[in-house]
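Peer 1: Have a look at this one before I ask anything.
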Amino acid sequence: MAEMDTSSGGGHKKGPGVKKGKKLSTRIDLTPMVDLGFLLITFFMYTTTLAKPKTMEINMPYKDPNLKEEEKNKIKESVALTILLSKNHKIYYYEGMATDPTKPPDLKATTFAQKNGIRDEIIAKKKMVDGMKASGALGPKDETTVLIKPDTTSTYSDLVNILDEMNINDVRVYAIIDISDVDQNFIKETELANGIK
């Protein structure tokens, strides 16, 4: 039992004939305080919100039952922007989808930089598509479509960063697709032409 004794050992001497008064010792029992401390620790441990795992919310596209199977995944070349994530946080991009391997696209390189980065290219593509919609070259349902193709040498953080760019720039239609051999060859040819290892 924890206790504290506050009695004093000394006293004043009285004159003759005066009886000494009996001093009472004050004792404070600290055992309930220890119990209270543990109860409070236990209470706060159980009531504290533990760190919740962070997840990314992905909205799946609406499936129109009236569309034919070949029309479901049809994307117009004019609204498409293909982004290739490569090693060393390098980003390659081109207009369209490059469906013809005999006609290589105009592959350009950029990074996640604030100025002259991939964000500027996405904004430019959105403006171009909006201009085509305003002129009547595209229908009102046509939206800027971004195809994201991470290479095997890219990092997970690059994929998260490019998805953040989709959210920041309000790109409503985008897809993460496995990179094709044709796209990997485009990257290799561009790196060889620019002397990048």
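Peer 1: In segment 177-197, what residues are under 25 Å from residue 102 (Cβ atoms) and assigned to a loop (DSSP other than H, G, I, E, B)? Give the steps one after another, and end with the answer.
Peer 2: Step one: filter segment 177-197 for residues under 25 Å from residue 102 (Cβ atoms), giving 177-194, 196.
Once the filter is applied, which keeps residues that are under 25 Å from residue 102 (Cβ atoms) and assigned to a loop (DSSP other than H, G, I, E, B), segment 177-197 yields 177, 178, 179, 180, 196.
Peer 1: Sticking with this structure for a sec: Condition check: farther than 17 Å from residue 86 by Cβ and aromatic (Phe, Trp, Tyr). Does residue 156 satisfy that?
Peer 2: Values: farther than 17 Å from residue 86 by Cβ: no; aromatic (Phe, Trp, Tyr): yes.
Spelling it out, it is not the case that residue 156 is farther than 17 Å from residue 86 by Cβ and aromatic (Phe, Trp, Tyr).
Peer 1: Quick one: in segment 137-164, which of the residues that are among the charged types (D, E, K, R) and closer than 21 Å to residue 78 by Cβ is surrounded by the fewest Cβ atoms within 10 Å (Cβ to Cβ)? Break it down into steps so the answer makes sense when it comes.
Peer 2: If we filter segment 137-164 for residues that are among the charged types (D, E, K, R), which is where we start, we get 141-143, 149, 151, 158, 164.
Restricting the remaining residues to those that are closer than 21 Å to residue 78 by Cβ gives 141-143, 149.
Numbers: 141: 6, 142: 16, 143: 18, 149: 21.
By that ranking, first place goes to 141.
Peer 1: A further question on this structure: For segment 130-149, enumerate the residues that are modelled with pLDDT of 90 or more and in contact with an Asp or Glu (Cβ under 7 Å, 6 or more places away or on another chain).
Peer 2: 149
Peer 1: Give all pairs with beta carbons closer than 7 Å in which a residue from segment 125-145 that is more than 16 Å from residue 171 (Cα to Cα) meets a residue that is surrounded by 11 or more Cβ atoms within 10 Å (Cβ to Cβ) and of a type in the set (Gly, Ala, Ser); count only pairs at least 6 apart in sequence or on separate chains.
Peer 2: Pairs that qualify, where the first residue is more than 16 Å from residue 171 (Cα to Cα) and the partner is surrounded by 11 or more Cβ atoms within 10 Å (Cβ to Cβ) and of a type in the set (Gly, Ala, Ser), are 132/78; 138/78.
Peer 1: Do you know which of the residues in segment 86-137 that are small (Gly, Ala, Ser) and assigned to a helix (DSSP H, G or I) is nearest to the chain's Cα centre (by Cα)?
Peer 2: To start, the set of residues in segment 86-137 that are small (Gly, Ala, Ser) comprises 86, 96, 98, 109, 113, 117, 124, 131, 134-137.
Checking the rest, the ones that are also assigned to a helix (DSSP H, G or I) come to 124, 131, 134-135.
On the way: 124: 24, 131: 32, 134: 34, 135: 37 Å.
Within segment 86-137, the match that is nearest to the chain's Cα centre (by Cα) is 124.
Peer 1: Let me ask another. Test residue 174 against the stated conditions and say whether it is outside any helix (DSSP H, G or I), crowded, with 19+ Cβ neighbours inside 10 Å and free of Cβ contacts under 8 Å to residues at least 60 places away in the same chain. Write out each step before concluding.
Peer 2: Working: outside any helix (DSSP H, G or I): yes; crowded, with 19+ Cβ neighbours inside 10 Å: yes; free of Cβ contacts under 8 Å to residues at least 60 places away in the same chain: yes.
Yes: the conditions hold for residue 174.
Conditions tested, residue by residue: (1) at pLDDT below 60; (2) in a loop (DSSP other than H, G, I, E, B); (3) on the phi > 0 side of the Ramachandran plot; (4) surrounded by 10 or more Cβ atoms within 10 Å (Cβ to Cβ).
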position: 11; (1), (2), (3), (4): yes, yes, no, no
position: 21; (1), (2), (3), (4): no, yes, no, no
position: 24; (1), (2), (3), (4): no, yes, no, no
position: 46; (1), (2), (3), (4): no, no, no, no
position: 58; (1), (2), (3), (4): no, yes, no, no
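Peer 1: Then there is this: Residue 75 passes all but one of (1) surrounded by 10 or more Cβ atoms within 10 Å (Cβ to Cβ); (2) modelled with pLDDT of 65 or more; (3) among the aliphatic types (A, V, I, L, M); (4) over 30 Å from residue 186 (Cβ atoms); which number fails?
Peer 2: (4)
Peer 1: Right, another one. Checking residue 2 against (1) surrounded by 10 or more Cβ atoms within 10 Å (Cβ to Cβ); (2) at pLDDT 55 or above, which single condition isn't satisfied?
Peer 2: Status for residue 2: all satisfied but (2).
Peer 1: Can you tell me which residues in segment 80-111 are surrounded by fewer than 16 Cβ atoms within 10 Å (Cβ to Cβ) and touching a Phe, Trp or Tyr at 6+ places or on another chain (Cβ under 7 Å)?
Peer 2: At the first step, the residues of segment 80-111 found to be surrounded by fewer than 16 Cβ atoms within 10 Å (Cβ to Cβ) are 87-89, 99-104, 106, 108-109, 111.
Within segment 80-111, 89, 104, 106, 108, 109 meet the criteria.
The values are calculated or read from the model by the stated rules, or taken from the named source; none is laboratory data. The shown structure was predicted, so the numbers you read here are calculated from the model rather than taken from an experiment. Glycine also receives a Cβ, built like all others from the backbone with ideal geometry; neighbour counts cover every protein chain displayed.
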